[in-house]
Amino acid sequence: MLISVDDLAHVLTDASRIVVVDVRERDEIERTGVIPTAQHIPLDVLASALVNIPLDTTVVCVCATGIRAEIAVERLQTRGFAHVCNVLGGMKKWIASGYACDKPYVCA
């Protein structure tokens, strides 16, 4: 399932309803930041971090353009998550649309 950046921005006003998971690598996060309230869980460690996300939560996966997020969606679905979606256009679309980004890491 896909969600547009506009729809995501709208549902983030009630962030308790969803968990946004950014599956990009740390260096990508350092360059562009993350969607506010997003959890940074790189794709390669997603499986081990799933214990922190309740199965009944809506999970929105995001990466740079949507390819890795789609892989994350598939992995989450195979582990029992029923409400999972991918951000259409990824962070490139989020940033191009003028939405805010948080910078959780200090660049060295």
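The values are calculated or read from the model by the stated rules, or taken from the named source; none is laboratory data. As the structure is a prediction and not an experimental result, all values here were calculated from the model. A quick note on method: Cβ atoms are made from the backbone with ideal geometry, for glycine too, and the neighbour counts reach across all protein chains shown.
Per-structure values
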| quantity | calculated |
| --- | --- |
| Residue among Glu70, Glu30 that is under 18 Å from Trp94 (Cβ atoms) and more than 12 Å from the chain's Cα centre (by Cα) | Glu30 |
| Helices (runs of 4 or more DSSP H) wholly inside segment 6-84 that include at least 2 residues being of a type in the set (Phe, Trp, Tyr) and in contact with a Phe, Trp or Tyr (Cβ under 6 Å, 6 or more places away or on another chain) | none |
| Residue in segment 1-14 that is β-branched (Val, Ile, Thr) and either at pLDDT 95 or above or in contact with a Pro (Cβ under 6 Å, 6 or more places away or on another chain) (or both) present | yes |
